[in-house]
Each structure stands twice: as C-alpha cells, then as structure tokens.
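All remarks here apply to the structure that follows.
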Amino acid sequence: MSQTIITPKTPTGTMELLPREQIVFQKMLDTIRQKFERYGFLPIETPVFEETNILLTKSGGETEKQVYFVQSTGSIKEGHAPDLALRFDLTVPLARYVAQHQNELAFPFRRYQIQRVYRGERAQKGRFREFYQCDIDVIGRETLSPAYDAEMPVVIADIFRDLNIGAFTINVSNRKILKGYLDSIGVTDAEAKAQVLREIDKADKIGWADVEKNLVAAGHTKLGSLLVLLKNDADNATRLKDLEKLCGNSAEAAEGLKEIALLLSTTADMGAGDVIRFNPAITRGLDYYTGTVYETFLNEHKNFGSICSGGRYDNLASYYTKSKLPGVGISIGLTRLFEQMRGAGLTGEAASNVKVLITMMDEKLSSDYRRIATQLRAAGINTEIYLEADKMDKQMKYASKSGIPFALIMGSDEKAKSVVAFKNLNTREQTEVQQASLAETIKKIIR
C-alpha cells in the first residue's frame, strides 16, 4: 500500500525565504540591532507566550479575537481553558517585564527587543500571522523627560539610512496639541473628541474633502480654522508658529507644542532634521498614546503605509504595579516592510555568507583541502569544502547557484608548485596564489 503524499506548503500569513533572500533579511536585522545598541539600548527577550491574564488585560475588542491560545493536548482532553497565549505585540510583555523586574533595573530603562509576534489575521496580502517587530522603548520611573521623545526619530533615521531603503519621511506630532485645541473650542466630550481625531487621522487615506464632510455630518462645525491649517503643507517652523497662534488659549496644547519644538531642534542638532515632518494630523488612536506620536513613510512608496510608528504613553504597567512608569517607544514592523520591498523589486538576493568554495579536484588531496579550509576559517574567511569528487563543472554550478563568489582550485600540479588557483566566479578572472601567504592574499582579493 503506497503512502499518501502530503502537499508541502507554507502556512498562510507567514514569510518563508530562500537562503539568499534570508541573508538580505538577516542583514537588515543585524543593522537594526547594531544601531539600537549604538544608541545605548539594552537587549531583552521575553517568552513567546504569556499567561492569559497578563496578555489580555489591556486588549479586548478586535485584538482579543486575533490572539492564538496555547494549550497542551492533555489539558484539552481534560477540558481546561487555555492559560497561555502567544504574544500579539512586544509592548504588553515589556509592561509585565518592567513591572516584575523594576527593583533590579536602572531607570530610565532603555531596552530593545527584536522578536516574532503572532496575530490571527485574515489571510490576505500584507497581513501576517507571524512577523518580526523591532522595538525600542525608554521607560522612566514617575517621570520621563520629553528629551527621550526627541531621540527616537534620530535612531530610526540612522537605521533607515543604513538600510538604503530609499527616501523616507518621519511624521511627528503630539496628541496634546489637538486635544488641547478641541477643549478650547468646547469639544470636551471624550467620544466626540475621539471621533474628531479619528477622522483627521484618515486624511492621507480618504482626502481632506471627505474628512471635512464627515466632520460636518457629525455636527463638528467649529473646525474650519484648524482644517485650513492642517491642509496647508507648510514647513515645520511655519506650522509650529501657526498652531501657537491658533491654540493660544490652551495650556495643554502649548505644552504639546513646546515638546514638538524640542523634538525639532534636537533632531536638527543630531543630523536628522531633514527627514522630520511636523504633521499635526497624525493621531494614532486616542486611548494608548498620550503625547508625542510618530509615523514613517517611504516617499516613493506611500502605498506601503507606515513602516515605523510609536509614541509616548503615560503609564506603561498600570495593570501590573502601583508604580508609575511613563515611557516612549517606536517599532519597525520588519517582516511587512521586507515583504513589500521584495514585492516592489527593492531587495534582490545577496551573495552567500560563504566567501570561498574549496573544490574537490583530486580526492587524494582531501587532507590538503581540509588543512587549507582550517587556515582560511582561522583568518575569518567563511569557507566551504565541496566534499564529493564530482565533475568540476558541477561544482562550479553549485557555487554559482548558492551565490558563493570565489572558488579555490588545487590539483597535483598546483600542489607541486605550492600554489592554488583562486577564481572569481562573477568576473571569471583566475589568480595564482602562493600557499605560504594564502589567507592574507585571499583576504585582500575578497575585499
């Protein structure tokens, strides 16, 4: 009786790459990690799952519908409800982590975390069920200076420049500005205020004409002056001055504008001012963020949507501790960004991590090949030995398909002369290298 063959396929909502694409993705992860560390952020990792009473405390609504629960087969058979769930972001685990370890941490606590998260999204393009988030946050105890808000976009600008993803703009705003202005014109009801901010936040998607129409239909008829200012694509300094005039009666708005002014001057001092756009229409949801907010877009690929976002929150871990832990954070959704870039032909394939393939020209020289490989590896050169006595043409095709850029060839004639043939598989150029200076010479050629 023949065995049934199961068709192999990748689960929907996940990203699976071929090795040379994976190298590109891994280099992006490495760049992000190195930059986070350069700015003084410390690494943490948290378990892929959390206890449900921790994870679901602040979710509810649509988020809770997307949670994957974790349960053993034994527990299922016994009829127990799951007590563990996969994390759907890195913020709730961070809240738990800081609340649990606050007496062991130095504050302000600067952390970075690069791990996968899980959401039960519908299977559709651009929506992932498993994806990488690359987060930085600074958490204070009782207070946290707005100077930390100003540092966040500097880090992101540095990263995106090194990633060479094309021109980008980091949009910044402060939630206090519009909230304070709405209070000053009599829009004080929390739901009415949320409605206004939600509509304004849609401007990039539906256009200002529809935003204004929706607001008027909802009874908000006092927003004319604000909408004129928001629609005007002025430079940062002009926008700041115009809003100071418009919001002159609100202490909360004035505080938000002061924090934006600090952010603009700080990013200019640190070489990121050219990619910062003060955009007061950015609101990013009313409940969670309380001050500064960020949204980042690729200038030539606005259809990608925001590729990096975040903001300031007043109290990270209020459900888990009585300590007040204000913070500010920003996150790169790298899986989604990479997939969109790949779809637009912006990533390509990298050469292999292996720099040199030592070919098997003569099986009798296997001991020599192993000795040479050990020598090259000790010199920091990633080296692979072809371990079968196949035809040279097959070995070269293997190197080419794998993306290995150089091949080392040594037969009995080369050994007798104490040399090797070193071939660049891209240019087809072949060089004779003395074995006595093999590692040093090969390093120079590879560079």
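The values are calculated or read from the model by the stated rules, or taken from the named source; none is laboratory data. In this text, all values refer to a predicted model and were calculated from it rather than measured experimentally. Because the Cβ atoms are built from the backbone with ideal geometry, glycine has one as well, and the counts that use them run over all protein chains shown.
The table for this structure:
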read-out	value
Pair list, Cβ < 6 Å and 6+ apart or interchain, from segment 298-316 residues that are assigned by TED's automatic domain parsing to the domain that holds R96 to residues that are surrounded by fewer than 21 Cβ atoms within 10 Å (Cβ to Cβ) and aliphatic (A, V, I, L, M)	N299/A167
Cross-chain or 6+ apart pairs with Cβ under 6 Å, segment 191-207 first and touching a residue at least 60 places away in the same chain (Cβ under 8 Å), then part of a helix (DSSP H, G or I) and surrounded by 17 or more Cβ atoms within 10 Å (Cβ to Cβ)	K193/L182; A203/V211
Those residues of segment 317-338 which are charged (D, E, K, R) and within 15 Å of V117 (Cβ to Cβ), in sequence order	R336
Matching residues in segment 372-388 - criterion: being within 18 Å of S437 (Cα to Cα) and either among the charged types (D, E, K, R) or buried (at least 16 other Cβ atoms within 10 Å of the Cβ) (or both)	I372, A373, L376, R377, I381, T383
Enumeration of residues in segment 291-325 that are outside any strand (DSSP E or B), of a type in the set (K, R) and either touching a strand residue (DSSP E or B) at 6+ places or on another chain (Cβ under 6 Å) or closer than 27 Å to K125 by Cα (or both)	K302
Counted residues, segment 326-370 - those being touching a residue at least 12 places away in the same chain (Cβ under 8 Å) and either assigned to a loop (DSSP other than H, G, I, E, B) or among the acidic types (D, E) (or both)	19
Residues of segment 98-120 that turn out to be acidic (D, E) and under 19 Å from the mean Cα position of the chain (by Cα), as a count	0
Helices (runs of 4 or more DSSP H) wholly inside segment 184-290 containing at least 3 residues that are closer than 23 Å to I156 by Cα and not hydroxyl-bearing (S, T, Y)	236-246, 251-269
Per-region count, segment 140-165, residues outside any helix (DSSP H, G or I) and in contact (Cβ under 8 Å) with a residue 12 or more places away in the chain	7
Flag for R116 being farther than 21 Å from A317 by Cα and either assigned to a helix (DSSP H, G or I) or modelled with pLDDT of 90 or more (or both)	yes
Any pair with Cβ under 9 angstrom, 6 or more apart, that starts in segment 1-27 at a residue that is farther than 26 Å from F88 by Cα and ends at one that is of a type in the set (S, T, N, Q) and not in a loop (DSSP other than H, G, I, E, B)	P19/S402; R20/S402
Residue match in segment 252-265 (condition: of a type in the set (S, T, Y), more than 23 Å from the chain's Cα centre (by Cα) and at pLDDT 95 or above)	yes
Residues being at pLDDT 95 or above, assigned to a helix (DSSP H, G or I) and not aliphatic (A, V, I, L, M) - total across segment 28-56	8
Extreme residue, surrounded by the most Cβ atoms within 10 Å (Cβ to Cβ), among residues of segment 317-335 that are more than 19 Å from N299 (Cβ to Cβ) and small (G, A, S)	G329
Breaking point among (1) part of a loop (DSSP other than H, G, I, E, B); (2) more than 30 Å from R110 (Cβ to Cβ), for I76	(1)
Residue match in segment 336-358 (condition: farther than 30 Å from N164 by Cβ and loosely packed, with under 12 Cβ neighbours inside 10 Å)	no
Selected residue [modelled with pLDDT of 95 or more and either assigned by TED's automatic domain parsing to the domain that holds T335 or touching a helix residue (DSSP H, G or I) at 6+ places or on another chain (Cβ under 7 Å) (or both)] from A123, A157	A157
Among the candidates K401, K444, K391, residue that is closer than 13 Å to T359 by Cα, surrounded by fewer than 12 Cβ atoms within 10 Å (Cβ to Cβ) and either within 36 Å of the chain's Cα centre (by Cα) or at pLDDT 95 or above (or both)	K391
Test set (1) surrounded by fewer than 19 Cβ atoms within 10 Å (Cβ to Cβ); (2) under 23 Å from the mean Cα position of the chain (by Cα); (3) not aliphatic (A, V, I, L, M) - T57 fails condition number	(2)
So Y132, is it part of a helix (DSSP H, G or I) and in the same structural domain as D314 (by TED's automatic domain parsing)	no
Criterion (buried (at least 17 other Cβ atoms within 10 Å of the Cβ) and modelled with pLDDT under 90) met by exactly one of A203, A218, A190	A203
Candidate set: segment 133-179, residues that are of a type in the set (F, W, Y) and surrounded by fewer than 22 Cβ atoms within 10 Å (Cβ to Cβ); chosen: the one farthest from T296 (Cα to Cα)	Y148
Filter result for L438 (surrounded by 18 or more Cβ atoms within 10 Å (Cβ to Cβ) and under 27 Å from L18 (Cα atoms))	no
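Condition check ((1) among the acidic types (D, E); (2) touching a Lys or Arg at 6+ places or on another chain (Cβ under 7 Å); (3) farther than 29 Å from V328 by Cα) across all residues:
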residue: K176; (1), (2), (3): no, no, no
residue: D189; (1), (2), (3): yes, no, no
residue: R198; (1), (2), (3): no, no, no
residue: A217; (1), (2), (3): no, no, yes
residue: T221; (1), (2), (3): no, no, yes
